[in-house]
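S.K.: A single structure is presented below for examination.
What follows is calculated from the coordinates using simple rules that are stated; it is not laboratory data. Nothing here was measured: the structure is a model prediction, and the numbers come from that model. Cβ sites come from the backbone with ideal geometry, for glycine too, and all protein chains shown count toward neighbours.
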Ligand code: ADP
């Protein structure tokens, strides 16, 4: 594409606007998955809530334009964001957790958005340049599944994201898509913080015993083969399905469950990463 001088000036002005708007966010972390339905949005939501429970100031940005699930997972459905004087005000889940999603703009959740690539890019750009994020310790970005336009847009717009957490399930179909996700990160110079295996084993609601359904451990093996860190496994828990459906993040509402404990153990390296953690990321 031929870029003329005027377009170049406009691009520079936009980049400067983004830099000023997100310049007070210390750490930006993306949550990705190779395919849908692996629990990526639930992980992004619980990560944001857990970090805010640790006293951090957190933003949660849902860039899933076609299937935004963050409002439902946080019981914020029906809320509409305010267009402030200069900036768009995010929705507050709590004093320390700001949330933005295209779901806050859609009137009817059953209406499918049919948007072309440039329109999606512009909306994501507005989320980054026009939302009043303010000073944050973390911005957690819930990306749509796969390696399409939206993850690409957000990585380019953020410019200096710390890295990506890649969520998978143990089955080979999910794992082969994760390999593509890792290649995508490498092409964009986005470090892989680690792979997280969700729905790994089943927690019996009666006795609490964990049974392997889909042969757990595939995520760890794949992470070793691809030379990226492995963060841990989170079991399938019927309680979690109910928690997600009713908009109650399990780290907060079922904080003593095995699932919440497994989640916290897996995510601990993100809270205060050590230097060797950074060296392991590629
Ligand atoms: P994705 O963002 O990958 O499409 P979601 O986070 O929307 O996936 O989760 C898909 C479904 O799986 C939701 O109904 C959610 O409640 C459920 N789910 C996610 N993680 C678990 C888990 N560890 N145990 C049981 N159900 C889960």
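S.K.: Filter segment 131-152 down to residues that are in a loop (DSSP other than H, G, I, E, B) and within 16 Å of the ligand (Cβ to nearest atom) and give me whichever is surrounded by the fewest Cβ atoms within 10 Å (Cβ to Cβ).
M.R.: In this case the residue turns out to be 148.
S.K.: Now, a different point. Take the residues in segment 239-277 that are touching a strand residue (DSSP E or B) at 6+ places or on another chain (Cβ under 6 Å) and in contact (Cβ under 8 Å) with a residue 60 or more places away in the chain; name whichever of them is nearest to residue 53 (Cα to Cα).
M.R.: 263
S.K.: Which is more than 27 Å from residue 95 (Cβ to Cβ) and surrounded by 11 or more Cβ atoms within 10 Å (Cβ to Cβ), of 41, 33, 52?
M.R.: Answer to the selection: 33.
S.K.: Filter segment 181-193 down to residues that are part of a helix (DSSP H, G or I) and surrounded by 13 or more Cβ atoms within 10 Å (Cβ to Cβ) and give me whichever is nearest to the ligand (Cβ to nearest atom).
M.R.: 181
S.K.: Let me ask something else about it. So which of 167, 178, 128 ends up being in contact with a helix residue (DSSP H, G or I) (Cβ under 7 Å, 6 or more places away or on another chain), in contact (Cβ under 8 Å) with a residue 24 or more places away in the chain and not in a helix (DSSP H, G or I)?
M.R.: Unique residue meeting the criteria: 167.
S.K.: Any idea which residue in segment 245-263 is farthest from the ligand (Cβ to nearest atom), counting only those that are surrounded by fewer than 20 Cβ atoms within 10 Å (Cβ to Cβ) and under 19 Å from the mean Cα position of the chain (by Cα)?
M.R.: For segment 245-263, the residue satisfying everything is 252.
S.K.: Which ones in segment 194-216 are within 16 Å of the ligand (Cβ to nearest atom), surrounded by 12 or more Cβ atoms within 10 Å (Cβ to Cβ) and under 18 Å from residue 265 (Cβ atoms)?
M.R.: Result: 195, 196, 197, 198, 199, 200, 201, 203, 210, 216.
S.K.: Which numbered condition in (1) farther than 15 Å from residue 234 by Cα; (2) more than 14 Å from the chain's Cα centre (by Cα) is the only one that residue 144 fails?
M.R.: Exception for residue 144: condition (2).
S.K.: Check off (1) free of Cβ contacts under 8 Å to residues at least 24 places away in the same chain; (2) in a helix (DSSP H, G or I) for residue 155 and give me the number that stays unchecked.
M.R.: Only one criterion is unmet by residue 155, namely (1).
S.K.: Still on this structure: State whether one or more residues within segment 213-233 are assigned to a helix (DSSP H, G or I) and within 20 Å of residue 46 (Cβ to Cβ).
M.R.: For segment 213-233, residues assigned to a helix (DSSP H, G or I) and within 20 Å of residue 46 (Cβ to Cβ): present.
Residues are listed down the side, and each one gets a yes or a no for (1) out of contact with any strand residue (DSSP E or B) (no Cβ under 9 Å at 6 or more places or on another chain); (2) at positive phi; (3) crowded, with 23+ Cβ neighbours inside 10 Å:
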residue	(1), (2), (3)
7	yes, no, no
23	yes, no, no
48	no, no, yes
62	no, no, yes
72	yes, no, no
86	yes, no, no
102	no, no, no
